[in-house]
Every structure is written in structure tokens, then in C-alpha cells.
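Engineer: Have a look at this one before I ask anything.
The values are calculated or read from the model by the stated rules, or taken from the named source; none is laboratory data. Only a predicted model underlies this, so the values are computations on that prediction, with no experimental measurement involved. Virtual Cβ from ideal backbone geometry, glycine too; neighbours counted across all protein chains shown. Note: accessible area is taken over every heavy atom of the protein model, side chains too, but ligands, DNA and RNA are not part of it. Shrake-Rupley method; radii C 1.70, N 1.55, O 1.52, S 1.80 Å.
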Amino acid sequence: MRALWILPGCAMLLAVTSAHAEIAAHERKSGAEFMSPQTQAMQADDASNPGMLAVLDGEAAWNEKAGAANKACADCHGAAEQSMKGVSARYPAFNAATSQPIDVAGQVNQCRTGRQQAQPLRAESRELLALTTYIGLQSRGMSVAPPDDERLTPFRERGKALFNQRLGQLNFSCAHCHEDNWGRKLGSAPIPQAHANAYPIYRLEWQDVGSLQRRLRNCMSGVRAAPYSYGSIEFIELELFLAERARGMAVETPGVRP
Amino acid sequence: MARALINVPAKAKKGEIIEIKTMLSHPMETGFRPAADGKLVPRNIIKRFVCTYDGEAVFSADLFPAISANPFLSFTLVATNSGVITFSWTDDNGQTQVQTAKIEVA
């Protein structure tokens, strides 16, 4: 009689563990907390954070006139310290013109083609990363605050589905590592919780600054999946979900990561 | 002109030990890395860094291919008198970048 009671209990347990455990608010940790003290110190001091070199480039690009309109970002937006404060903390946002969400890099390029009448900057190019890092810095210390825009909801839901979607020859989803096994090791490296609150980051492995999409592409090739292309809607949807997942965490841009 | 981050205290007391931090934006291409076409990317690293304080060399360093991109160098000086601290980086292409910082010693 007793055995009969135990069996349904086991089935329940299996059903519960097969869904990914979402990280509770009090357990959320920035990727910085998983780094060595040396790497944390590198990020904390602007004199030793190599991401600040991209910030200097970005500041110059902000004030540089471009395109047929011969306008700089500063000609419309003024000082980035005021006009760009909080922008990276709330992006991706809904773009009414295309009826799609857009991230900061996409917005920069839309300004370039629309307002400056210049060529869009190549994804992951030095110029584009410099601008997005400089814009990101203006939100440093603020809370990640994605907009409560209902038009974003279906995209965010698809992002969540992608996060939980098994991919590649290794057949892992993002959640398998970053929700079920964070804090443990993959090889010698700690598995962080995959919060996107420090991008663009200076990654020591890259020896350069890179975007969240570059990092996501790394993980995708890690599980032997064909990465989505830069700027694809899948990436924007994932970015939307990750922003919601990191709501309330402090922006660290430019982060340093190993 | 590559970007440089230089951290020199604006003011110091005479005889005080001050910490200088420098970082130069540079790829530090090792010469061992193949490009997409399979050919090696030619070596281009910072070979020599010199810091002078009022014209006198007070710190210098030889750099090698194992040093990371955007090399960060930190060292200490004794603040002796008000003046200009000059930093210069020379790379494999023979290009030298010079930056200066002023310090006031009281």
C-alpha cells in the first residue's frame, strides 16, 4: 500500500525537475560576481578597464559629423551624458516604423541611415561598438528597466522560448547551463547566470570589446549550433527576454569578462 | 592616433610616491595568428615604452608578443617637482605615440 503512494510522488518530482528552475530574485548575481578578484578590480577602475578605450572612441564618434546631412549625433541629441542617460537600461524598445523591437546598435544605424544619411555601420565594427559602449556608459549604475510596452510582449515571449529551446549537436538550451547549473564549472570556467547587464563587454578572451550578440554567437557555436546572424530578430527577441530577466540589476557597461 | 588612458594625480606633495597608470589602445598582433586567408598577420606590437619626468627617463619597458592587446602599465614615481610627465609608446611599424600629463608638486 505504501509503495503505491510513493510512485505518484516520484512522477511529480520528475515533472517538476524537467522544467528549468528560474533564478529567484535574491539569488540573482551579475556575471562580475563569478570573476576573479583581479578581473573585478580591472572592471571597477576606469583607469584599468580597457572598455574605457572604446568609450573614448565613442565620445569622439558622437561628436563627429557624418553622412550627406553632415550631422553628428551631438547635433540632434546634445550631450550624451544627459540625452543618453538610461537609454541602454531600457533598450531593446519597440520601433513603430518597422513594428519590430530594436536594440541600441540597430537604433544607432537607423539614425545613421535616416538622419545622417550615411552608410550604416557594420555589425560588430569598431565604430559601432564604440558608440554603443559610450551610450551604454551613460546608464552605468542605473537599474535595467525594460519598458512595459505590450507590443513587445509577443517578441519577449518568443525570446523566452528561444532561451529554453534545445539547440545544436550538444542539444542544450541556454537554460540548461545558466538556470540549472549556474555556479558550477564548465571545464575550469564558472558558469554564470547569463545576465546581460554589462554589455558591450571587454572580454579578455577576445582581447577586445564585443556585443551581447557576439557573446550569444559564442555560446551557440559552443553547443555546435549554427549561430543566428547579427541583427536577426531571434537575437533581438533574446535580448528582450534577457533584459526582462535582469530587470532591476545595475548596468555595468563597459563590463570586463574573462 | 590611438587612444590612451593615463592616470596621473594632478597634485602631489614633494617626496610623495605617486602611482601612474597607463593604457594604450593597440592590437599587439603577435605575428603568429593566421588571418582568414591562412597567411600570418604581420607582427605589430608595442616594442618600447618610455616615461620621462621633466626630460629625464624615469621608467622604461621592453614589450614582447605575449603581452595582451591594449597593454596596461602601472608604476610608481617620487614626486620631486612640478612639471610634465611624458609617455611614449613605439611599435613595430616605427610609429611613436606621445602623451603628456602635468603634475603640480607642492
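Engineer: With a ≥ b ≥ c taken as the square roots of the eigenvalues of the C-alpha gyration tensor of region A:109-158, please select rounded if a/c is under 1.5 and otherwise prolate if a/b is larger than b/c or oblate if it is not?
Structural biologist: oblate
Engineer: Once the Cα atoms of helix A:233-245 and of chain A are each reduced to a long axis, what angle between those two axes, in degrees from 0 to 90 to the nearest 10, is obtained?
Structural biologist: Approximately 70 degrees, to the nearest ten.
Engineer: If you don't mind, there's one more thing I want to ask. Give me a single rounded figure for A:198-207: the average over its residues of other chain Cβ atoms within 10 Å of their Cβ.
Structural biologist: Mean shielding count: 1.
Engineer: Let me ask something additional. Kindly sort A:Phe94, B:Phe64 by accessible area of their heavy atoms, largest first, with the probe set to 1.4 Å.
Structural biologist: Correct descending sequence by accessible area is B:Phe64, A:Phe94.
Engineer: Something else about it: So which residues in region B:43-77 end up with at least 10 square angstrom less accessible surface once the other protein chains are there, compared with the chain by itself, probe 1.4 angstrom?
Structural biologist: The answer is B:Ser68, B:Ala69, B:Asn70, B:Phe72 - residues whose exposure falls by at least 10 Å² when every protein chain is included.
Engineer: How many angstrom separate the Cα center of region A:45-69 from the Cα center of region A:176-196?
Structural biologist: One Cα centre to the other: 32 Å.
Engineer: Follow-up question, since we're still on this one. Mind grabbing the interface size between B and A? I mean buried accessible area, both sides, 1.4 Å probe, in Å² to the nearest hundred.
Structural biologist: Roughly 1100 Å² of accessible surface disappears when B and A pair.
Engineer: Return the loop-located chymotrypsin sites (Phe, Trp or Tyr not before Pro) in region B:24-106 (DSSP other than H, G, I, E, B) with at most 12 other Cβ atoms within 10 Å of their own Cβ; answer none if there are none.
Structural biologist: B:Phe32
Engineer: One-quarter of the Cα convex hull surface for region B:33-106, in nm²?
Structural biologist: 5.8 nm²
Engineer: Sticking with this one: Cα to Cα, under 18 Å, and not fewer than 8 places away if on the same chain: which aspartates and glutamates meet these conditions relative to A:Lys71?
Structural biologist: A:Asp57, A:Glu59, A:Glu127
Engineer: Continuing with this model, one more query. Using helices alone, what [θ] at 222 nm do you get for the protein assembly as shown, with -39,500 (n - 2.57) per DSSP H run of 4 or more residues, divided over all residues and rounded to the nearest 500?
Structural biologist: The per-residue figure over the protein assembly as shown is -9000 deg cm²/dmol.
Engineer: Using a 7 Å offset from the Cα along the Cα-to-Cβ direction at both A:Ala25 and A:Leu204, what is the distance between the two label points in nm, to one decimal?
Structural biologist: 3.4 nm
Engineer: What trypsin sites (Lys or Arg not before Pro) does region B:1-94 have in DSSP loop regions with at most 10 other beta carbons within 10 Å?
Structural biologist: Listed in order of number, the matching sites are B:Lys13, B:Lys39.
Engineer: Only counting protein heavy atoms at a 1.4 Å probe, give the residues of region B:9-26, ordered by number, whose accessible area falls by 10 Å² or more when the other protein chains are present relative to the chain alone.
Structural biologist: B:Lys21, B:Met23, B:Ser25
Engineer: Per residue, how large is the accessible surface of the protein assembly as shown? Use a 1.4 angstrom probe and give square angstrom.
Structural biologist: Result: 53 Å² of accessible area for each residue.
Engineer: Are any of the pairs A:Lys29/A:Lys185; B:Lys11/B:Lys47; A:Lys29/A:Lys160; A:Lys65/A:Lys85; B:Lys21/B:Lys47; B:Lys13/B:Lys47 more than 25 Å apart by Cα-Cα distance, and if so, which? If you can, show how the numbers build up before the last one.
Structural biologist: Working: A:Lys29/A:Lys185 16 Å; B:Lys11/B:Lys47 31 Å; A:Lys29/A:Lys160 19 Å; A:Lys65/A:Lys85 22 Å; B:Lys21/B:Lys47 18 Å; B:Lys13/B:Lys47 33 Å.
Checking Cα-Cα distances, B:Lys11/B:Lys47; B:Lys13/B:Lys47 exceed 25 Å.
Engineer: What average number of partner chain Cβ atoms lie no more than 10 Å from the Cβ of the residues making up A:50-63?
Structural biologist: 3
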